[in-house]
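The values are calculated or read from the model by the stated rules, or taken from the named source; none is laboratory data. Note that the coordinates shown come from a computational prediction; the quantities given were computed from them, not determined experimentally. Cβ coordinates were reconstructed from backbone atoms using ideal geometry, including for glycine residues, and neighbour counts include every protein chain displayed. When the accessible area is computed, the model is the full protein with side chains, heavy atoms only, and any ligands, DNA or RNA have been set aside. Shrake-Rupley method; radii C 1.70, N 1.55, O 1.52, S 1.80 Å.
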Amino acid sequence: MVRKPKTITIRRPWDMHFHARDGEAMAAVINHTASVYAGGIVMPNLSPPVTTVVMAESYMTRLMACLPADTKFIPMMTLYLTAKTTPEDVYAAAKSAFIYAYKYYPKGQTTGSGDGASSLFQCLPAIAAMQDVGMPLLVHGETVHPGMLIFNKERHFYGMNGELARIIAAHLELKVSCEHMTSVEAVDFVKNHGANIVGTITPQHPDITINDVLEGGIKPHNYCLPIAKEEADRQALFDAMTSGDSKFFLGTDSAPHGKLDKESACGCAGCYTAPHSLMLYATMFEKANALDRLAGFASEYGPKFYGLPVSDETITLVKKDYSVPDSYEFKPGNPVIPFRFGKTIPWSIAA
Ligand code: DOR
Ligand code: ZN
């Protein structure tokens with residue numbers, strides 16, 4: 001008897017954190033996200049950053065121009081929070097039909113964070129307005145503190161007396177998404193707060209530790225920020241992701257950079273996972289014997305947080321080997337190397 005391959009069909013998932021980039025780079029990669037996901041949160045860390053409704057609308061128009069005319073992909077635009085963001089800016093964003101959140105980039109901590117504030121406390125009028133209108137605040141949760149070890153910045157941000165605990169204590173209704181969590185402290189923070197505090201999990205952070213970045217030679221394609229941490233952190237993320245708790249949902253933080261910009265004396269941070277992210281997640285859910293929980297994490301909890309319906313389309317994954325390509329076209333003469341390039345994943349997307 002010929003056994004049918006194992007399959008799983010879920011509503012089309014949402015990527016609640018990805019970097020679309022711009023121009024020819026965006027044109028080269030956007031379909032990797034749009035062909036898998038129903039929609040997703042488009043990060044605003046362009047140069048210059050997307051800080052106004054007008055800039056976001058123009059960015060959205062450029063993005064949609066890269067997709068087929070009949071695409072159903074929903075780009076969920078975000079604005080970049082700065083120390084200069086006013087309550088009026090937030091009210092204008094809330095009125096627009098296509099802006100879903102503000103994103104906090106701690107100054108100097110990651111790609112395109114030069115215009116960010118050095119602390120959420122520099123953004124209090126805007127944060128109060130966000131709470132007022134129910135606009136989610138998405139945080140890159142790392143403390144800006146000269147000399148603080150890179151390993152401790154996220155632990156400190158989410159710690160007992162850290163920045164976010166104090167902000168939330170003063171804004172009890174504020175909706176916050178703790179983006180690309182990498183530590184036990186971040187996971188505990190989300191678990192220990194109400195339904196208005198959620199967190200996204202990338203495919204790499206429940207899978208790798210700092211050893212996969214540094215042991216036996218530097219692996220630039222495993223380097224992203226916040227940086228992968230210790231085994232206990234990896235395990236906490238893996239457990240949170242596969243627990244079925246609706247506070248944790250899918251956000252790949254897929255962040256393409258050219259090979260030359262990563263394999264460099266000062267390499268850029270970011271793992272490129274858009275094409276195979278769903279396969280990576282499915283592999284981990286199967287490992288946890290929790291494939292029945294993939295749909296919640298990937299397709300349901302994210303849109304629920306943002307007040308969107310689940311997709312009316314489905315996608316099917318098949319238990320069939322997928323070979324991750326060595327590279328994809330990105331910029332002229334400067335391709336992007338995906339996370340886990342050249343490796344095999346035991347789940348594929350059905351044709
Ligand atoms: O690794 C990262 N890459 N982390 C970020 O926060 C930004 C992102 C990017 O835009 O490249
Ligand atoms: Zn990101």
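Table for the structure above
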{"quantity": "Condition check for LYS304: surrounded by fewer than 22 Cβ atoms within 10 Å (Cβ to Cβ), more than 16 Å from ligand 2 (Cβ to nearest atom) and in contact (Cβ under 8 Å) with a residue 60 or more places away in the chain", "calculated": "no"}
{"quantity": "Within the stretch 271-283, tally of residues that are within 16 Å of ligand 2 (Cβ to nearest atom) and either among the hydroxyl-bearing types (Ser, Thr, Tyr) or in contact with a Cys (Cβ under 9 Å, 6 or more places away or on another chain) (or both)", "calculated": "4"}
{"quantity": "Single match in THR78, THR52, THR85 (criterion: open to solvent by less than 40 Å² (accessible area, probe 1.4 Å), over 25 Å from PRO303 (Cβ atoms) and touching a residue at least 12 places away in the same chain (Cβ under 8 Å))", "calculated": "THR85"}
{"quantity": "In the stretch 15-50, the residues that are within 16 Å of ligand 1 (Cβ to nearest atom) and among the β-branched types (Val, Ile, Thr)", "calculated": "VAL29, ILE30, THR33, ILE41, VAL42, VAL50"}
{"quantity": "Unmet requirement for MET16, which otherwise passes all of (1) within 16 Å of ligand 2 (Cβ to nearest atom); (2) open to solvent by 30 Å² or more (accessible area, probe 1.4 Å)", "calculated": "(2)"}
{"quantity": "Residue satisfying condition, being modelled with pLDDT of 95 or more, at positive phi and touching a Pro at 6+ places or on another chain (Cβ under 9 Å), within set GLY244, GLY270, GLY302", "calculated": "GLY270"}
{"quantity": "Residue match in the stretch 112-128 (condition: polar (S, T, N, Q) and modelled with pLDDT under 95)", "calculated": "yes"}
{"quantity": "Qualifying positions in the stretch 182-215 - in a helix (DSSP H, G or I), under 21 Å from GLY162 (Cβ atoms) and of a type outside the set (A, V, I, L, M, F, W, C)", "calculated": "GLU185, ASP188, LYS191"}
{"quantity": "Residues being among the aliphatic types (A, V, I, L, M), in contact with a Ser or Thr (Cβ under 9 Å, 6 or more places away or on another chain) and part of a loop (DSSP other than H, G, I, E, B) - total across the stretch 111-167", "calculated": "2"}
{"quantity": "Residue in the stretch 96-106 that is touching a Leu at 6+ places or on another chain (Cβ under 9 Å), surrounded by 15 or more Cβ atoms within 10 Å (Cβ to Cβ) and charged (D, E, K, R) present", "calculated": "yes"}
{"quantity": "ILE99, sole failed condition from (1) closer than 16 Å to SER177 by Cβ; (2) within 16 Å of ligand 1 (Cβ to nearest atom)", "calculated": "(2)"}
{"quantity": "Selection from the stretch 285-299 of residues that are surrounded by fewer than 18 Cβ atoms within 10 Å (Cβ to Cβ) and outside any loop (DSSP other than H, G, I, E, B)", "calculated": "LYS287, ASP292, ARG293"}
{"quantity": "Residues located in the stretch 218-270, provided they are open to solvent by less than 10 Å² (accessible area, probe 1.4 Å), within 13 Å of ligand 2 (Cβ to nearest atom) and touching a helix residue (DSSP H, G or I) at 6+ places or on another chain (Cβ under 7 Å)", "calculated": "PRO226, THR252, SER254, PRO256"}
{"quantity": "The stretch 78-97: number of residues that are more than 18 Å from ASN45 (Cα to Cα) and either assigned to a loop (DSSP other than H, G, I, E, B) or in contact with a Lys or Arg (Cβ under 6 Å, 6 or more places away or on another chain) (or both)", "calculated": "3"}
{"quantity": "Residue list for the stretch 168-181, restricted to those being in contact (Cβ under 8 Å) with a residue 60 or more places away in the chain and not in a loop (DSSP other than H, G, I, E, B)", "calculated": "SER177"}
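This table checks each residue for (1) more than 18 Å from PHE305 (Cα to Cα); (2) without any contact (Cβ under 8 Å) to a residue 40 or more places away in the chain; (3) open to solvent by 40 Å² or more (accessible area, probe 1.4 Å); (4) within 15 Å of ligand 1 (Cβ to nearest atom).
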site: SER113; (1), (2), (3), (4): yes, no, no, yes
site: ALA129; (1), (2), (3), (4): yes, no, no, no
site: GLY141; (1), (2), (3), (4): yes, no, no, yes
site: ILE150; (1), (2), (3), (4): yes, no, yes, yes
site: LYS153; (1), (2), (3), (4): yes, no, no, yes
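Here is a yes/no grid of residues against (1) without any contact (Cβ under 8 Å) to a residue 12 or more places away in the chain; (2) in contact with a strand residue (DSSP E or B) (Cβ under 8 Å, 6 or more places away or on another chain); (3) part of a helix (DSSP H, G or I); (4) closer than 29 Å to ILE201 by Cβ:
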residue	(1), (2), (3), (4)
ALA20	no, yes, no, yes
MET26	no, no, yes, yes
ILE41	no, yes, no, yes
PRO44	no, yes, no, yes
ASP70	yes, no, no, no
